Amino acid sequence: MGTLETLSGFAEALGRVVKPENVVSAPSILEEYSNDISFVERNRPLLLVYPESKDEVKKIVELANESKIPLVPVSSGVPHFHGDTIPNQSGIIVDFRRMKRIMKIDSVSRCVMIEPGVTYGELIPEVKKHGLKLNIPLLPRASKSVVTSYLERQPVLIPKYQYDYTDPLLTLEVIYGTGDEFRTGSASGPGDMEHLKSDKVNPWGPGSIDYYRFVSGAQGTMGLVTWATVKTELLPAIQKVYFVPVTDAGQATTLMNNLLRKRVVDECLALNNVNLATILTDDWPGDYKILKNDLPLWTVIICIAGYQRHPEERMAIQGKYLFDICKGLGMRPQSDIPGAGSRGDSILELLSNWWDKEPYWKLRKKGACYDIFFLTPLSKASEFINLMKNAYSRYQYQFSEIGCYIQPMVQGRGCHCEFNLPCDKSDTNEVAEVKSLFMEASATLIRNGAFFSRPYGPWADMVFSRYAEGVTALKKLKGIFDPNNILNPGKMCF
């Protein structure tokens, strides 16, 4: 461990950098960080540290470089899903959940500046007070870090306001593995924090390199973000949700593609009957099975909205486009979800908020859920769903019990396609079968062109083994910005 020869010596040094009570070595607490709902191997960290400022983060990185000990960043509360916060080589968990300042909410520039510990459960009600809303993922956990969600490019619900796959992430401050402090985009110039709070929203640069992309989707291997500016949208004055029942994913993607070409709708997504029933069942398990069987196989969920200026006129124009496009495709938008009764009334509220029940919606069926997700053109999503069906045919696991979710992205130029595999972790046979299916299906999808843009856990080898030139370039950059490989080693291709 370099000049700090013992773990106790390292802990003492950390205690001089942060508050002593912010260094935790209790085995019971460390055990909580040793595993998650993924197929990444369990591994308990050596210590846990809670920084409360940028300066503390810098000093932690300096100590880690001196001792050559890994740092694994965590910003969200449990449950975790992808294995990116499990140490591959022991190391120290750097938990940012005590860095939770909402530094600025700017209604004019329509952005917020926040620290990484700020969660959806904390930020959504605050921006609403200022007449704003976040472009959020589908029903995020209340404890999910907003910065982490956007850094990891989780799909958002309003594709027409998304101009890049990193959107709505704007500028950020990052501490690289060298300990150097860096700010991206229009925040990169000199000045104190009060100066930076003024309209520092342009993400591009400095110079001809967009450095914010460098840490996006990197699973904490390139730098530790200490604050970020993210885009917000106006809170609608009036809003209406429509449902279009369809029999297969191909019909759903055709409709969404036609709508997004006109840039008509706001929230726009498609869920199969499994996911929609899971979300809508009030008293779990209640009548989940009845609801699932009564729902259409697929439902396209569409929102139109009016804002501050002429909201009724805007709604009327968007509604006409929506009905004309649906009529041309032989479909009909409905105000109620067929088979759901009055439950559909809650959809508008659900689409603008976090999941506020326990357990998390993906865990309702069996207590665990393994997700397979990737990017693809909208026109090819149904092909990949058929590939998944074929993969399931060789297993006892029923495809009819799998949740499916299609989320258009970047104004419909691509989409996030996701399969949710519920699993009972106490049943070793079921876990083994789901793991085998997970690995086979992932490999099949990749071979057939599915783009796994967020290569967590076992996907890393599948993705980077096909990307030799890119791996060489990434390793060169890693050597520059994190020469001692202290930031989450073992993840990605490092």
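The values are calculated or read from the model by the stated rules, or taken from the named source; none is laboratory data. These numbers come from a predicted model, not from an experiment. Note that each Cβ is placed from the backbone with ideal geometry, even for glycine, and that neighbours are counted across all protein chains shown.
All conditions but one from (1) under 30 Å from residue 474 (Cβ atoms); (2) over 25 Å from the mean Cα position of the chain (by Cα); (3) among the acidic types (Asp, Glu) apply to residue 173; the one that does not is (2).
If you filter the range 14-41 down to residues that are in contact (Cβ under 8 Å) with a residue 60 or more places away in the chain and of a type in the set (S, T, N, Q), you find that the one that is surrounded by the most Cβ atoms within 10 Å (Cβ to Cβ) is 38. The conditions of being surrounded by fewer than 14 Cβ atoms within 10 Å (Cβ to Cβ), over 23 Å from residue 299 (Cβ atoms), in contact (Cβ under 8 Å) with a residue 40 or more places away in the chain and not assigned by TED's automatic domain parsing to the domain that holds residue 153 are met by residue 436.
Assessment of the range 407-421 against the conditions (at pLDDT 95 or above, farther than 21 Å from residue 163 by Cα and of a type in the set (S, T, N, Q)) yields at least one matching residue.
In the range 202-216, the qualifying residues are those that are surrounded by 17 or more Cβ atoms within 10 Å (Cβ to Cβ) and not hydrophobic (A, V, I, L, M, F, W, C), and the one that is nearest to residue 88 (Cα to Cα) is 216.
Determine whether the range 384-398 contains at least one residue that is over 26 Å from residue 236 (Cα atoms), in contact with a strand residue (DSSP E or B) (Cβ under 9 Å, 6 or more places away or on another chain), of a type in the set (Val, Ile, Thr) and surrounded by 13 or more Cβ atoms within 10 Å (Cβ to Cβ). If you could, list the steps in order and put the result at the bottom.
Pass one, the range 384-398, residues over 26 Å from residue 236 (Cα atoms): 384-398.
Keeping just the survivors that are in contact with a strand residue (DSSP E or B) (Cβ under 9 Å, 6 or more places away or on another chain) gives 384-385, 388, 397.
Remaining after also requiring of a type in the set (Val, Ile, Thr): 385.
Those still in the list that are surrounded by 13 or more Cβ atoms within 10 Å (Cβ to Cβ) too: 385.
Checked the range 384-398: at least one residue is over 26 Å from residue 236 (Cα atoms), in contact with a strand residue (DSSP E or B) (Cβ under 9 Å, 6 or more places away or on another chain), of a type in the set (Val, Ile, Thr) and surrounded by 13 or more Cβ atoms within 10 Å (Cβ to Cβ).
So, in the range 441-494, of the ones that are among the polar types (S, T, N, Q) and assigned to a helix (DSSP H, G or I), which residue ends up farthest from residue 214 (Cα to Cα)?
So the first thing to find is which residues in the range 441-494 are among the polar types (S, T, N, Q), and the list is 442, 444, 448, 453, 465, 472, 484-485, 488.
After this cut, where a residue has to be assigned to a helix (DSSP H, G or I) as well, the list is 442, 444, 472.
Numbers: 442: 25, 444: 29, 472: 15 Å.
Within the range 441-494, the match that is farthest from residue 214 (Cα to Cα) is 444.
Condition check for residue 380 on (1) surrounded by 16 or more Cβ atoms within 10 Å (Cβ to Cβ); (2) of a type in the set (D, E, K, R); (3) not in a helix (DSSP H, G or I): one failure, at (3). Assess whether residue 86 counts as being among the aliphatic types (A, V, I, L, M), in contact with a Leu (Cβ under 6 Å, 6 or more places away or on another chain) and crowded, with 24+ Cβ neighbours inside 10 Å. Spelling it out, it is not the case that residue 86 is among the aliphatic types (A, V, I, L, M), in contact with a Leu (Cβ under 6 Å, 6 or more places away or on another chain) and crowded, with 24+ Cβ neighbours inside 10 Å.
Listed by first and then second residue, the pairs linking a residue in the range 314-339 that is surrounded by 19 or more Cβ atoms within 10 Å (Cβ to Cβ) to a residue that is among the aromatic types (Phe, Trp, Tyr), with Cβ atoms under 6 Å apart and 6 or more places separating them unless they lie on different chains, are 333/242; 337/243.
Tell me the residue from 66, 56, 62 that is among the acidic types (Asp, Glu), without any contact (Cβ under 8 Å) to a residue 60 or more places away in the chain and part of a helix (DSSP H, G or I), please. Steps first, answer last, please.
Values: 66 fails: without any contact (Cβ under 8 Å) to a residue 60 or more places away in the chain; 62 fails: without any contact (Cβ under 8 Å) to a residue 60 or more places away in the chain.
Going through 66, 56, 62 in turn, the sole match is 56.
crowded, with 20+ Cβ neighbours inside 10 Å and either closer than 18 Å to residue 364 by Cα or outside the structural domain of residue 175 (by TED's automatic domain parsing) (or both), is that true of residue 284? Considered against the rule, which asks whether it is crowded, with 20+ Cβ neighbours inside 10 Å and either closer than 18 Å to residue 364 by Cα or outside the structural domain of residue 175 (by TED's automatic domain parsing) (or both), residue 284 comes out as no. Restricting the search to helices (runs of 4 or more DSSP H) fully inside the range 176-283 and requiring at least 2 residues that are within 30 Å of residue 380 (Cβ to Cβ), in contact with a Gly (Cβ under 9 Å, 6 or more places away or on another chain) and touching a residue at least 60 places away in the same chain (Cβ under 8 Å) gives 212-215, 249-261, 273-280. Would you check if there is a residue in the range 137-146 being of a type in the set (D, E, K, R) and in contact with a Ser or Thr (Cβ under 6 Å, 6 or more places away or on another chain)? Checking the range 137-146: at least one residue is of a type in the set (D, E, K, R) and in contact with a Ser or Thr (Cβ under 6 Å, 6 or more places away or on another chain).
Being of a type outside the set (S, T, N, Q) and surrounded by 18 or more Cβ atoms within 10 Å (Cβ to Cβ) is a description that applies to residue 301. I need the full set of residues from the range 403-424 which are β-branched (Val, Ile, Thr) and either surrounded by 21 or more Cβ atoms within 10 Å (Cβ to Cβ) or part of a strand (DSSP E or B) (or both), in order please. Hit for the range 403-424 is 406, nothing else.
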